[in-house]
Amino acid sequence: VMYGWHENGNPLEGDGGEDFERGSEEEAVEQQKGAWPGSLGNAYSDDEEVEENDFWREVTQNWDQDPPTTTLTVLNGITKFIGRYIDITRTLPSITTDVAAGLQRLVDSYYLAVVGVAMGGNQAEEVWGGPEAANWMDKIGDLMHSRSRLEMCKPIGAEQQEYKAVVAFIRRAKKKVGGLDVESRGVSYQAQISALESLMFLAAMLSSVQSKVPGLKDYITEVVEITPKLVRCCGRVASVLRVDGDGIVTRITEVEEKGGWEVEELEEGSNAYIEEALDSAAAVWAELAGRDGQLNDRLLEVAWEHIVGSLYVTLLEGFSKIKSFSTEGRALVSMDLQSFASGITNNLVERIERTERKSKGAAPPPPPPPPPPPPASTNPFGDDDNEDDVDDLTLTDSSQPTALGSETDSDDDFIIREPPKVTPPRGRHWVDAYVKAWYFDEGDLLKWISQNRASYNLHHSIALVSSGVGRHMKKRDFKALVTKIEALYVC
């Protein structure tokens, strides 16, 4: 979503809260790849257009060879306004304070707009801890089998300080600007990733002019420091929403409702939710790297790491909701995790092809014909010297890009590649370690939680007790163990 200047003013005048209005759908945030400025739509009305200035020309002089990932709001709006402010502070130093306040409101407004786009309309305070929370840990009574749409996006212990800083920045910006009600309906995932990346460019640009804008040194320092953290936090939320993380968690709990985790014999194949998760990943990769993909290679890898990480986070969240399972059920969870890990790193393009053929109603490609028999030898000793007569061979390599749509449309010969190999911080090994902890006895489990409490939330650790060793404990002993675990997280 792009934002236009209000016809009666702009964010640099008045309180700023009433001076923003949402632009049209055609002005949606997109990412430009190749030549700039791209087709992002104008960020402001004609009567508010800012003329080019020395700073804008300095920033954009090499963009035709190496265009950054940004939006026209930054390119033709904020960049030009920064240049204007630099000129004003040189000629009218007496109004430096007012100019600095205006620039801060402008930057805050853009940050809030991008956060709103990435968060899908969800409030950061609600997703990441609640505005009045004294700490990041929920009450023990709410943890046992709690369910919330974006619960898997809450920070683990090692991330709490980072998320606290992000929420504090967002709260301050809302208070300064007056608040913006932003939704991201109709905005693609790659547009969300691109909008977040534009914040990185904007922060770098502000850092370069820190000494030229008196009165904003501390603010720019804060923006430069918080931007990478904010981009990571919002990228996770956008990714969980894109893969329907809440839906996958629901599918996992439905397996339990059907008795699937209490099985007495292992069944072949993984549960249906694994196929749904892989189909979701394939759909995202088809969007990112397919015909309409606009991200450069670096952003493709960033986006894909977000997607893979969000799926692993979702799986662990779903596993922590399992109330009870048999020994075979635990083994089935491990098999599901292995199936997902294999599917997300191998043959994802084949899955995309199958989906595309199915959507077009096309039959699967026929098997290749058998090779023709070798020609009769003319050498009485059975060894032809004429090696040039060997038939041409068509060599295939599964690692090579695949042409989608080539079976049905001659003009659809688009080459899609396999996704990059990524290792998100919360990936397979993180989930696998959690699954293995189900097998620990009380002493080993308490020791494991003590050593790993920074990597898992409190409700994750309590779930290990309630669905594992705690099932056979007396109620008094169970409460005592939970109290010990809670004490570990307070430390």
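The values are calculated or read from the model by the stated rules, or taken from the named source; none is laboratory data. Because the structure is predicted, anything quoted here is derived from the model rather than measured. Positions of Cβ are generated from backbone atoms using ideal geometry, with glycine treated the same way; all protein chains shown enter the neighbour counts. The accessibility values were calculated without ligands, DNA or RNA, using every heavy atom of the protein model including side chains. Shrake-Rupley method; radii C 1.70, N 1.55, O 1.52, S 1.80 Å.
What is the sum of charges around residue 156, taking Lys and Arg as +1, Asp and Glu as -1, for the other residues whose C-beta is under 10 Å from the C-beta of residue 156? Could the numbers behind the result be given before it?
Working: positive: 154, 426, 453; negative: 159.
That sum, taken over residues with Cβ under 10 Å, equals +2.
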Q.
Please compute the Kirkwood hydrodynamic radius of segment 262-314 from all pairs of different C-alpha atoms, in Å with one decimal.
A. 12.9 Å
Q.
Taking 0.36 nm per residue of sequence separation and subtracting the Cα-Cα distance, how much length would be gained by fully extending the chain between residue 480 and residue 265, in nm to one decimal?
A. 74.0 nm
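Can you give the extra length, in nm with one decimal, that the chain gains between residue 94 and residue 57 once fully stretched, where that is 0.36 nm per residue apart less the Cα-Cα distance?
Working: separation 37, 0.36 × 37 = 13.32 nm, distance 2.62 nm.
Net length gain for the segment: 10.7 nm.
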Q.
Students often get this wrong: which residues of segment 273-291 have the backbone nitrogen under 16 Å from the point 7 angstrom along Cα-to-C-beta of residue 331?
A. none
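For segment 195-319, with only Lys/Arg (+1) and Asp/Glu (-1) charged at the beta-carbon, what is the dipole magnitude about the Cα centre, in debye rounded to 20?
Working: 10 positive and 23 negative charges, 264 e Å.
With Lys and Arg at +1 and Asp and Glu at -1, about 1260 debye.
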Q. How about residue 80: which lysines have a C-alpha closer than 30 Å to its C-alpha, ignoring those fewer than 8 places off in the same chain?
A. 33, 174, 175, 176, 212, 217, 229
**Q.** Percent carbon-and-sulfur accessible area, segment 418-491, ignoring ligands, DNA and RNA, probe 1.4 Å
**A.** 54 percent
Q | Two-site label geometry, residue 257 and residue 204: point separation in nm, points 7 Å out along Cα→Cβ | A | 4.8 nm
